[in-house]
Protein chains: 2
Amino acid sequence: MTSVTSLFAPVDDDLRLLTDNLKELVGARHPILGAAAEHLFGAGGKRLRPAIVLLASRATMVEQDLTSYHRRLAEITEMIHTASLVHDDVVDESETRRNVETVNSLFGNRIAVLAGDFLFAQSSWYLANLDNLAVVKLLSEVIRDFAEGEIRQGLSQFDVDLSITDYLEKSYYKTASLMANSVKAAGVLSGVSPEVCDHLYGYGRNLGLAFQIVDDILDFTATSEVLGKPAGSDLKSGNLTAPVLYALEEKPELKDLIENEFTGEGELESAIALIKETKGIDRTRELASYHSQLAVEYLDKAVKDSPSSQALRDLADYILRRLY
Amino acid sequence: MTSVTSLFAPVDDDLRLLTDNLKELVGARHPILGAAAEHLFGAGGKRLRPAIVLLASRATMVEQDLTSYHRRLAEITEMIHTASLVHDDVVDESETRRNVETVNSLFGNRIAVLAGDFLFAQSSWYLANLDNLAVVKLLSEVIRDFAEGEIRQGLSQFDVDLSITDYLEKSYYKTASLMANSVKAAGVLSGVSPEVCDHLYGYGRNLGLAFQIVDDILDFTATSEVLGKPAGSDLKSGNLTAPVLYALEEKPELKDLIENEFTGEGELESAIALIKETKGIDRTRELASYHSQLAVEYLDKAVKDSPSSQALRDLADYILRRLY
């Protein structure tokens with residue numbers, strides 16, 4: 001199977017530059033954050049979000065080179081994403097993420113709150129200095145959606161009455177909003193028409209939803225080793241995702257297990273086994289596939305053929321292949 | 001002695017509206033934050049920062065009523081300030097502030113990080129929607145300065161080589177930047193000239209510095225009851241302020257006590273007693289007075305006589321009177 005990073009070939013050089021810049025921007029000025037920056041922007045990350053922004057930038061600037069504004073936008077996107085992860089891990093008291101210790105686990109809550117605030121603050125400042133009010137609005141929407149998503153997730157823990165619509169909304173806030181708005185912002189910076197910007201938004205939104213849906217399937221089907229966190233950990237924490245919501249329609253007995261918050265011995269394992277007996281995971285795969293196809297349809301309306309637009313197309317496909 | 005709130009008479013109605021709006025904006029949409037919002041924007045606060053913004057708005061709009069943008073700016077200012085307090089209290093593990101339990105102490109770190117992020121996110125969004133790029137830049141500067149200030153304070157703990165210049169810089173980041181940039185932003189929204197905007201900035205900057213310097217004196221001279229936190233708590237945590245830095249010039253023996261981080265029995269009390277024997281507190285008073293006077297000079301260059309400009313003038317004076 002192709003690795004996701006091989007898809008990023010058209011922006012390989014851009015991504016190398018971005019990584020160096022991010023470490024410099026965050027770490028060099030403040031030794032106290034140096035270790036955290038090395039940890040956050042070091043070798044591990046896939047740079048999915050800035051790669052998408054850079055590919056969308058190249059796909060909309062076919063005949064010209066990227067501007068420094070496009071590159072800055074990609075950096076801002078990764079900074080906002082990283083800041084939200086750092087604070088999420090404090091809020092959820094997570095000790096590892098993708099098999100790597102979290103900032104709060106390595107350096108304590110104090111440094112983790114500070115590092116996240118610093119990243120948010122830096123990104124706000126760089127954003128304001130892109131000198132483009134439309135882009136500022138799009139990215140401020142993302143920051144607000146992250147906070148909204150965290151709060152909604154907190155409010156809907158163990159709520160068996162959650163609908164698929166609620167689930168998609170929650171997934172938009174926590175994952176798809178960033179991709180939708182940042183890809184659209186890349187279009188704004190390239191000066192494409194408002195219509196094309198809306199198609200780019202449609203691509204990012206549906207790609208982000210497909211990505212989150214696949215993640216939520218993997219929580220049930222992948223091993224803890226592949227996930228980099230214990231399998232079934234979303235369910236355990238009461239974050240009910242599509243496979244669970246579909247399974248609830250077939251197995252009413254699942255409701256009691258969930259509402260009991262898996263406090264009894266072996267209840268989490270029973271719930272996971274029950275879910276796997278249903279069509280929940282298959283139906284969720286179809287949902288992911290639907291959004292992935294929709295993403296490609298929007299993309300085809302937005303950009304012409306080029307290595308970068310092909311990479312964006314392949315990415316929508318790659319996301320589904322993570323399942324097999 | 002006049003209370004500070006009586007100085008706010010010209011904007012009393014504006015402040016009442018602002019308080020209701022803030023509770024609504026933060027609390028009503030999310031029950032999980034409702035208690036925190038009630039706590040944060042409830043009866044206790046002095047609303048110093050939005051009052052200054054509203055007074056500067058009225059002082060620059062003498063013949064006209066405030067716009068909804070001016071009001072929104074005042075709300076944003078209070079939201080950013082409150083967000084930074086909530087995260088500061090997590091970072092510093094503070095249990096009370098102004099005799100009131102902190103959000104982290106009442107609701108835990110999880111809600112405190114979320115509440116702070118939500119406030120920052122809301123303020124970024126409202127800021128972007130003021131539709132004024134210059135104002136976005138000014139306030140993004142403030143958010144960055146807060147993060148910078150927190151980090152610098154962390155880096156300079158117990159550093160006896162800190163200069164008065166370093167101290168003023170730190171005070172600018174943590175207190176004066178918000179006042180300077182938000183008062184200037186009020187001028188931008190009123191459409192006054194760039195020169196007047198710079199004078200407004202000068203007023204806010206020096207008022208903020210005087211305010212912080214006075215706060216740092218009170219840490220030594222006021223009772224714990226008045227402070228709402230234990231007296232000498234800045235010194236204890238290694239935050240070296242002007243009285244300490246001046247005292248170090250007279251009493252070299254203070255250096256060892258500080259570098260020993262007051263780990264020995266009674267060392268904090270000895271250090272406080274030593275500081276009080278020096279001219280440190282008197283010299284710090286002169287420093288506060290200098291910045292308060294400078295604030296008035298800038299103000300007089302920026303605005304004409306009006307009840308609101310008189311209130312801003314009185315405020316610079318009031319800040320010093322807190323010392324007597």
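Got at least one residue in the stretch B:144-161 being more than 29 Å from A:Asp145 (Cα to Cα), open to solvent by less than 10 Å² (accessible area, probe 1.4 Å) and more than 12 Å from chain A (Cβ to nearest Cβ)?
no
Suppose we keep only residues that are in contact (Cβ under 8 Å) with a residue 12 or more places away in the chain and either assigned to a loop (DSSP other than H, G, I, E, B) or of a type in the set (Phe, Trp, Tyr) (or both) within the stretch A:259-277. Which one would you say is farthest from A:Ile164 (Cα to Cα)?
A:Phe262
Which of the following residues is hydroxyl-bearing (Ser, Thr, Tyr), out of contact with any Lys or Arg (no Cβ under 7 Å at 6 or more places or on another chain) and open to solvent by 30 Å² or more (accessible area, probe 1.4 Å): A:Thr223, A:Thr241?
On the way: A:Thr241 fails: open to solvent by 30 Å² or more (accessible area, probe 1.4 Å).
Unique residue meeting the criteria: A:Thr223.
Can you find even one residue in the stretch A:50-64 that is of a type in the set (Lys, Arg), crowded, with 20+ Cβ neighbours inside 10 Å and at pLDDT 95 or above?
Filtering the stretch A:50-64 for residues of a type in the set (Lys, Arg) gives A:58.
Within this subset, residues satisfying the condition of being crowded, with 20+ Cβ neighbours inside 10 Å are A:58.
Keeping just the survivors that are at pLDDT 95 or above gives A:58.
The answer is yes, given that some residue of the stretch A:50-64 is of a type in the set (Lys, Arg), crowded, with 20+ Cβ neighbours inside 10 Å and at pLDDT 95 or above.
Can you work out which of the residues in the stretch B:182-202 that are hydroxyl-bearing (Ser, Thr, Tyr) and in a helix (DSSP H, G or I) is least open to solvent (accessible area, probe 1.4 Å)? Can you show your working first?
At the first step, the residues of the stretch B:182-202 found to be hydroxyl-bearing (Ser, Thr, Tyr) are B:182, B:190, B:193, B:201.
Restricting the remaining residues to those that are in a helix (DSSP H, G or I) gives B:182, B:190, B:201.
Working: B:Ser182: 3, B:Ser190: 25, B:Tyr201: 60 Å².
Top of the filtered list is B:Ser182.
For A:Leu114, are the conditions met, namely being within 14 Å of another protein chain (Cβ to nearest Cβ), closer than 25 Å to B:Glu148 by Cβ and open to solvent by less than 40 Å² (accessible area, probe 1.4 Å)? Talk me through it step by step, then tell me what you get.
Numbers: within 14 Å of another protein chain (Cβ to nearest Cβ): yes; closer than 25 Å to B:Glu148 by Cβ: yes; open to solvent by less than 40 Å² (accessible area, probe 1.4 Å): yes.
Here the answer is yes, as A:Leu114 does meet what is asked.
Filter the stretch B:160-187 down to residues that are out of contact with any Leu (no Cβ under 7 Å at 6 or more places or on another chain) and of a type outside the set (Gly, Ala, Ser), then give me how many there are.
9
Quick check on my filter: what residues within the stretch A:70-120 are of a type in the set (Lys, Arg) and more than 25 Å from A:Ser182 (Cα to Cα)? Spell out how you get there, then give the answer.
Our first condition is that a residue be of a type in the set (Lys, Arg); within the stretch A:70-120, this holds for A:71-72, A:97-98, A:110.
Hit for the stretch A:70-120 is A:Arg110, nothing else.
Pairs only if they're at least six apart or on different chains, beta carbon under 6 angstrom, first in the stretch B:297-314 and touching a residue at least 24 places away in the same chain (Cβ under 8 Å), second of a type in the set (Ser, Thr, Tyr); list them, first residue then second.
B:Tyr298/B:Tyr203; B:Leu299/B:Tyr203; B:Val303/B:Ser309
Please tell me if A:Val86 is open to solvent by less than 10 Å² (accessible area, probe 1.4 Å) and over 30 Å from A:Leu7 (Cα atoms).
On the way: open to solvent by less than 10 Å² (accessible area, probe 1.4 Å): yes; over 30 Å from A:Leu7 (Cα atoms): no.
Spelling it out, it is not the case that A:Val86 is open to solvent by less than 10 Å² (accessible area, probe 1.4 Å) and over 30 Å from A:Leu7 (Cα atoms).
Considering only the stretch B:259-297, state which residues are hydroxyl-bearing (Ser, Thr, Tyr) and exposed (fewer than 14 other Cβ atoms within 10 Å of the Cβ). Lay out the reasoning, then the answer.
Of the residues in the stretch B:259-297, the ones hydroxyl-bearing (Ser, Thr, Tyr) are B:263, B:270, B:278, B:284, B:289-290, B:292.
Passing the criteria: only B:Thr263.
Only one of A:Asp234, A:Asp256 is assigned to a helix (DSSP H, G or I), out of contact with any Gly (no Cβ under 9 Å at 6 or more places or on another chain), buried (at least 18 other Cβ atoms within 10 Å of the Cβ) and of a type in the set (Asp, Glu); which? Before you say what the answer is, go through the steps one by one.
Values: A:Asp256 fails: buried (at least 18 other Cβ atoms within 10 Å of the Cβ).
Exactly one residue qualifies, and that residue is A:Asp234.
I'm trying to understand the selection: among the residues of the stretch B:298-324, which are surrounded by fewer than 15 Cβ atoms within 10 Å (Cβ to Cβ), among the basic types (Lys, Arg) and in a loop (DSSP other than H, G, I, E, B)?
B:Lys304
If I filter the stretch A:89-109 down to residues being buried (at least 17 other Cβ atoms within 10 Å of the Cβ) and at the interface with chain B (Cβ under 9 Å from one of its Cβ atoms), which single residue comes out as nearest to B:Ala147 (Cα to Cα)?
Taking the candidates together, the pick is A:Asn109.
Give me the residue from the stretch A:315-324 that is in contact (Cβ under 8 Å) with a residue 40 or more places away in the chain and not basic (Lys, Arg) and, out of that set, nearest to A:Ser3 (Cα to Cα). Before the answer, list the steps.
First pass over the stretch A:315-324, keeping only residues in contact (Cβ under 8 Å) with a residue 40 or more places away in the chain: A:315-316, A:318-323.
Remaining after also requiring not basic (Lys, Arg): A:315-316, A:318-320, A:323.
Numbers: A:Leu315: 11, A:Ala316: 13, A:Tyr318: 9, A:Ile319: 11, A:Leu320: 13, A:Leu323: 13 Å.
Among residues in the stretch A:315-324 that are in contact (Cβ under 8 Å) with a residue 40 or more places away in the chain and not basic (Lys, Arg), the one nearest to A:Ser3 (Cα to Cα) is A:Tyr318.
Among the residues of the stretch A:123-139, is there at least one that is charged (D, E, K, R), surrounded by fewer than 24 Cβ atoms within 10 Å (Cβ to Cβ) and either within 19 Å of B:Arg152 (Cβ to Cβ) or more than 7 Å from chain B (Cβ to nearest Cβ) (or both)? If you could, list the steps in order and put the result at the bottom.
Kept after step one, since they are charged (D, E, K, R), are these residues of the stretch A:123-139: A:131, A:137.
Next, from what is left, pick out any that are surrounded by fewer than 24 Cβ atoms within 10 Å (Cβ to Cβ): A:131, A:137.
Keeping just the survivors that are either within 19 Å of B:Arg152 (Cβ to Cβ) or more than 7 Å from chain B (Cβ to nearest Cβ) (or both) gives none.
No, that holds for no residue.
Looking only at residues that are open to solvent by less than 30 Å² (accessible area, probe 1.4 Å) and without any contact (Cβ under 8 Å) to a residue 60 or more places away in the chain in the stretch B:162-171, which one is farthest from the other protein chains (Cβ to nearest Cβ)?
Here is the first cut: in the stretch B:162-171, the residues open to solvent by less than 30 Å² (accessible area, probe 1.4 Å) are B:162, B:167, B:170-171.
Of the ones still in play, those that are also without any contact (Cβ under 8 Å) to a residue 60 or more places away in the chain are B:170-171.
On the way: B:Lys170: 14, B:Ser171: 18 Å.
This residue is B:Ser171.
The values are calculated or read from the model by the stated rules, or taken from the named source; none is laboratory data. Note that the structure is predicted; figures quoted are calculated from it, not measured. Glycine also receives a Cβ, built like all others from the backbone with ideal geometry; neighbour counts cover every protein chain displayed. When the accessible area is computed, the model is the full protein with side chains, heavy atoms only, and any ligands, DNA or RNA have been set aside. Shrake-Rupley method; radii C 1.70, N 1.55, O 1.52, S 1.80 Å.
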